[in-house]
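Quick notes on the structure that follows.
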Amino acid sequence: MNISAYFQERRTIVDNALCSMLPASDQYPHVIHQAMYHSLFAGGKRLRPILALAAYEAIECSYRKILPTACALECIHTYSLIHDDLPAMDDDDFRRGVPTCHKVYGEAIAILAGDALLTHAFYLLAENAKIEGISVERVVKVIAEIANACGTNGLIGGQVVDLTSEAKQVDADTLRYIHQKKTGALITASVRAGAILAGASVRQLEAMTGYGDCLGLAFQITDDILDIEGSIEALGKTPGSDAKKHKATYPALFGMQEAKKQAEIAVQKAKNCIEVLGERGEVLSSIADFVLYRNS
Ligand code: GRG
């Protein structure tokens, strides 16, 4: 399959859905909605919503019924980027090719824009239950799943260990924890959300979970690699920030060659996990390859 064309098509679908599911950008108070739109529509691969839609379609038919959940995942991801870029955290000036939210709107509004996106995400997750064919029981499971992935057992836990490890020598287990929680948790939750809403069997959900876990790790290792080898144009942010902040990364701990090998192994493992899905797992398999060969 032509994975670039697939991503382009799916990005447009997600962007159109986001436009229809967010408060209007000119709604009062204007500044908060403009700040949310600034970060949300600056670009981005839309990987997490695309994964949720693909996982759903690996079991059920058309993705349309779970668009609110897909949009919620992108709102949560964008919220984490806005907060991650704040001066108190990674203090970055550029993201997705544009100045970061706090650079344009100031810190207070950027914090609130992140908070607003997170809150709206849970509204959208609940709203998904109104769509015919989507059971309340499955929606409740997905809400618990995503809340868990955002909390101290997921994104926040990973971010805390990442921040407190700066300029320190970390071991392989700690690095793996940071990557799995800070980045992997939301990726696994995206895949599982699509699968749960589709009514996955225990065996299918287990396969999807293994796939998500391995893909999340591969994604963060390639993120580490791109921070060294990527270009500012493709990344939309300044490369080299990990080294500048003495961040724990795979290339820093294992060397570039080994980091690339680990990313390849993780992607292969991800693909192995979904073999049980047969032909219906082909799209997820191509997405795994895309993660390995991406340049942004
Ligand atoms: C709990 C959400 C939350 C926030 C507080 C700030 C924070 C704790 C966590 C940070 C999480 C974070 C920013 C992880 C980095 C993950 C990562 C690799 C981001 C880049 O993702 P891409 O490449 O970005 O998918 P695009 O722009 O393409 O969407």
Sort largest first and round to whole Å: the equivalent ellipsoid semi-axes of the stretch 3-293, each the square root of five times a Cα gyration tensor eigenvalue. 27, 25, 16
With -39,500 (n - 2.57) per DSSP H segment of 4 or more residues and division by the full residue count of the chain, the 222 nm estimate, nearest 500 deg cm²/dmol, is -21500 deg cm²/dmol
Starting from the Kirkwood Rh over alpha-carbon pairs, what translational D in µm² s⁻¹ does the stretch 1-152 have by Stokes-Einstein at 10 °C and 1.306 mPa s? 99
If you project the alpha carbons of the stretch 214-276 onto the principal axes, what extent comes out on each, in Å, largest first? 42, 25, 16
Please pull out the direction-averaged projected area of the stretch 109-170, using the convex hull of its alpha-carbon atoms, in nm² to one decimal place. 5.7
Just want the ordering: Leu47, Leu215, from fewest to most Cβ atoms lying within 10 Å of their own Cβ. Leu47, Leu215
Base-10 log of normalised Debye intensity for the stretch 93-229 (one unit scatterer per alpha-carbon) at q = 0.12, 0.15, 0.20 Å⁻¹: -0.61, -0.91, -1.28
Search the structure for amide H atoms under 5 Å from the amide H of Val98, placed 1.01 Å from N in the peptide plane, and list their residues when 5 or more places away or on another chain. none
Taking the alpha-carbon centroid of each part, what is the distance from the stretch 1-54 to the stretch 272-296 in angstrom? 22
Which residue, Ser190, Val283, Ile265, has the largest displacement toward the positive end of the dipole of the stretch 182-296 when charges sit on each Cβ (Lys, Arg +1; Asp, Glu -1)? Ser190
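Read-outs throughout are calculated quantities, based only on the coordinates presented, and are distinct from any laboratory measurement. Since the structure is predicted, the reported quantities are computational estimates derived from the model, not experimental observations. Because the Cβ atoms are built from the backbone with ideal geometry, glycine has one as well, and the counts that use them run over all protein chains shown.
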